[in-house]
1. Taking K and R as +1 and D and E as -1, what net charge do the other residues with C-beta under 12 Å from the C-beta of G370 add up to?
2. Can you send over the solvent-accessible area of I116, 1.4 Å probe, protein chains only, in Å² to the nearest 10?
3. Classify the range 52-174 from the C-alpha gyration tensor, please: rounded if a/c falls under 1.5, else prolate or oblate depending on whether a/b exceeds b/c.
4. What does the charge count near V274 come to, summing +1 for each Lys or Arg and -1 for each Asp or Glu among other residues with Cβ under 13 Å from its Cβ?
5. Given the Cα-Cα distance of V362 and W143 and 0.36 nm per residue of separation, how much length would full extension add, in nm?
6. Hey, rough spin-label estimate for E196 and R70, points 7 angstrom out along Cα→Cβ, what's it come to in nanometres?
7. Which shape class, rounded, prolate or oblate, goes with the range 256-317 when its Cα gyration tensor gives a ≥ b ≥ c as root eigenvalues, a/c under 1.5 marks rounded, and past that a/b bigger than b/c marks prolate?
8. Need the full-extension length gain, R354 to T328, defined as separation in residues times 0.36 nm minus the C-alpha distance. One decimal, nm.
Amino acid sequence: MHRPSDEPADEVTPWAARPRPAHDPAAEPPGPWTGGLAPDPARTDPAVLGALLARHGWRRRGGAPGRYTRWTPPAPAGGGTSLLVPESRAFPDCDDLLAEAFTALARSAAPSAREILVGLTVPSDEIRWWRDVPQGPSGAAAWTVQEQLRTAARQLLLAGALAVRSRAGYYGARHRSQAQASLEGILVGPAPGGRELTAFAPVTDGRAVAVRLHHALYATREAVDYQRATGGMEAFDTAVQAGVSRELTDAVVALVRGTEGARITLAWAPGAGVPDGCVPRPEPVEFSPGDLPALREAGRRYLRDEPSMPVRITGAVIRMRRAGPRGTGSVRLRVLAGAEIPHVRVALDEEAYRIAGHAHLVGLPIRVVGRLESRGGFRRLSDASGVVPVQVDEAERDRLMKSLQENLDFFEEACGGGPDPEAGAETV
């Protein structure tokens, strides 16, 4: 960048002489893990704090009996950090001691300090994944290793959320949007080194996922052991009722692949009690590379055996295709009712295709009867019949008409013919 030639040189302030904002140490965050975590001392049960400290390896170092206890973090992160935790809320200075303990946790270098603060702020069940992978320089991990861990963890959570909705050996597109929405409140802790990751499932809306994943993982471990001992796959059939599915076996494969082994541990929120049908302290569930053949075969079995199902779907036509101006064609529907999937493709004869087109032009959805095929992920309807327009209220009809106006090119293609660029987009 050049200064204009007519600008006096003495009007340019040298960089070194320019004023800088004053450094204010008090304005800096008090520690590496503040991040907006703010447990309320007045609403915290000291017993819950003590249970979380013990879970994460903090050591109890005595204190005044009946009044408070002293806790220090596990080595080597001690660094002089010490917490005084009152025995109960009956202690006169309970709130003050808890506030000081929270401040010390926020400033602590112990890796578990942030997780303890999260558990206090949002009462949650903890789900922890651990993978035995080589460590890089100074504990760093390759980008791909970190991504593999996060991807596998999310797949496992999604499999648990799907099993909350219903039991099936293979879900495909069914229930997926609802299951994904149910995971939005789950928090993720730090994952140093790419070996470990912790998710916090809030008790209020995430416990069902944690409980179902707990049962499904144990059932998967038992089914794998049975297959390796006997060669039989029958245990995977009964495991479906516990929440095991192709989605879950694929997730476990993704977690274990490329490692020497993997482990999943669940711990219940101390203040919320133990869920019905679960043990207070679940043992970790471990998988090794030797389990992969059984898991992969189970996934193929689930995909092959999951049956198609009869449905009656109501949906809005959002795309139409056929090879010429006459004859059969296919439509894509945005599902409004009748199936737990967002979209479905339907092959129609000439008369049904014409009815679907007219309904779309006047802003009406259609109703169609058929079989939702497992092949392709439950995204196709076969043996379609009984196509009829469905009356809707004015607000819904106006919205459908607006959608038509915004997507006229799709409808023009229905009359112009040509190949469907999405013909292969819906296979698994």
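The values are calculated or read from the model by the stated rules, or taken from the named source; none is laboratory data. All values derive from a computational prediction rather than experimental measurement. Glycine gets a Cβ as well: all are built from the backbone with ideal geometry, and neighbour counts include every protein chain shown. Protein only, heavy atoms only, side chains kept; ligands, DNA and RNA dropped before computing areas. Shrake-Rupley method; radii C 1.70, N 1.55, O 1.52, S 1.80 Å.
1. On the way: positive: R312, R345, R367, R371, R380; negative: E373, D383.
Summing Lys and Arg as +1 and Asp and Glu as -1 gives +3.
2. Its heavy atoms expose roughly 0 Å² to the probe.
3. Details: a/c = 3.39, a/b = 1.68, b/c = 2.02.
Verdict is oblate for the range 52-174.
4. On the way: positive: R207, R281; negative: D125, D276.
Here the charged neighbours net out to 0.
5. Numbers: separation 219, 0.36 × 219 = 78.84 nm, distance 5.13 nm.
Extending this stretch completely gives an extra 73.7 nm.
6. If labels sit at E196 and R70, their model points lie 2.6 nm apart.
7. oblate
8. Details: separation 26, 0.36 × 26 = 9.36 nm, distance 0.95 nm.
Taking R354 through T328 to full extension adds about 8.4 nm, to one decimal.
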